[in-house]
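Each reported figure results from applying straightforward, stated rules to the coordinates on display, with no laboratory input. The model shown is predicted, which means the values in this text are computed figures rather than measured ones. When we count neighbours, we look across all protein chains shown, and the Cβ atoms used for this are built from the backbone with ideal geometry, even at glycine.
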Ligand code: EPZ
């Protein structure tokens, strides 16, 4: 397994361009199954999760071709069952259920397992499918949904931590071809869900209320092919902004959507980071001493859980006490023990991490555990004195396009070490 070797202590300087959003492109790729016509998706990030999803679409009978960052999909023929081994490998693949149910009235996927950050149940997805009239059966590690007819209805999709991002997208993708009107209450408002809805509308779906907790879908008979450009990845942008602040550098982040990042930018400004916005460009640097801030992760437009680990690194470098509370996932503090190996002083108290910041970090070998924890370890290695080795880099390659190449362009001393 590859690792990243980072020589820390160099402030990042220069420009970095943001790629398409992983958490938008995965459900959008699934949505192409809703039509037999050709769909063209642009600004597709080069990620292992995207490659997996392309293999899953192919296993369902779709023709999938890439040309640079443009993806073409034509699901003229479609099977209701995909490649279980592939589906099992990537949780995000659960979002093929909605399109399969919507178009074929049947779908079978392997029950997505939990992962290191939490149990990751899909009961709300299945609740939505059942509300539309599907019979849902979970057996032998698979979940099967079948329906004679899909009929629109009103449903509440809120769960223990509020709305569900992929659950909202999944049920929306089944409802667009249902008969009648579907109203989803407690729908997710994340920009990625809005992007999926905008693609569905381009395909001829009738959807209103996207971006609000109440989404209304009026079913249509069929959908046609469409073209769509994926929104930039707000979490990738947050990650580079925090890396710039953590290394006391100055970085211009190009091709972003600052309007998707209000909560993160607001907290970074409170922490003493200077952030200038000019259209889709953000310029990030420090404005004197850093100040501790408290963070609670919430559904959008609150502080995103996917930027929690990266923000924790900035707080570990900030003299004072910061309290970071994780309200979305049950165990998303895997990075804390690894940050401690670099000298960070962080204690976990239930859903909160108490960060006693200000101690200098020093490089050490660390183990990546999940996508965003791995990003946090890279930022910590960039800020630490000495060399940090981040192992199991495949976690990073799932969600960050060419992260070592982009960081080298910003002056980072970072090398990918292929495992011999
Ligand atoms: C999406 O996951 C993202 N993944 C996650 O990003 C992100 O952290 C998460 O949304 C929250 O923003 C993709 O879009 C591929 P949820 P998703 O359903 O949709 C509970 C990353 O690092 N829940 O919004 O699976 C669940 O346990 C990844 O890019 C239920 O209880 O997340 C969690 O506590 C990590 N029942 C909360 O809701 C359900 O049926 C939010 O989960 C579904 C979810």
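Things worth noting here:
- Tail beyond 26 Å, pair distance distribution of the chain (Cα, percent): 53 percent
- Across all directions, the average flat footprint of the convex hull enclosing the Cα atoms of the stretch 300-344 is 3.4 nm².
- Going from the fewest other Cβ atoms within 10 Å to the most, the residues 390, 284 appear in the order 284, 390.
- In plain terms, the bigger the Kirkwood radius, the slower the diffusion; for the stretch 270-337, with that radius from Cα pairs, at 37 °C and 0.692 mPa s, Stokes-Einstein puts D at 248 µm²/s.
- Whole-number percent relative contact order across the chain, with pairs defined as alpha carbons under 8 Å at least 6 apart: 22 percent
- Here the label points at residue 206 and residue 224, each 7 Å from Cα along the C-beta direction, are separated by 1.6 nm in the simple model.
- Residue ranges 147-154, 20-27 sort as 20-27, 147-154 when ordered by packing (mean number of other C-beta atoms within 10 Å per residue, highest first).
- Peptides 213-221, 303-311, 332-340 ranked from most to least packed give 303-311, 332-340, 213-221, packing being the mean of other C-beta atoms within 10 angstrom over each peptide's residues.
- Distance between the pseudo-spin-label points of residue 83 and residue 160 (7 Å out from Cα toward the beta carbon): 3.3 nm.
- One compactness figure for the stretch 254-383 is 1.01, namely its Cα radius of gyration divided by 2.2 N^0.38 Å.
- Sequence ranges 40-53, 343-356, 263-276, ranked by mean other-Cβ count within 10 angstrom, highest first: 40-53, 263-276, 343-356
- Sequence-separation-based contact order of the stretch 22-229, relative, with Cα cut under 8 Å and 6+ spacing, percent: 21 percent
- Helix-only mean residue ellipticity at 222 nm for the chain, each DSSP H run of n ≥ 4 adding -39500 (n - 2.57), per residue, nearest 500: -9000 deg cm²/dmol
- Here, the stretch 75-212 yields an orientationally averaged convex hull projection of 8.2 nm² when only Cα atoms define the hull.
- Residue order for 400, 394, fewest other beta carbons within 10 angstrom first, comes to 394, 400.
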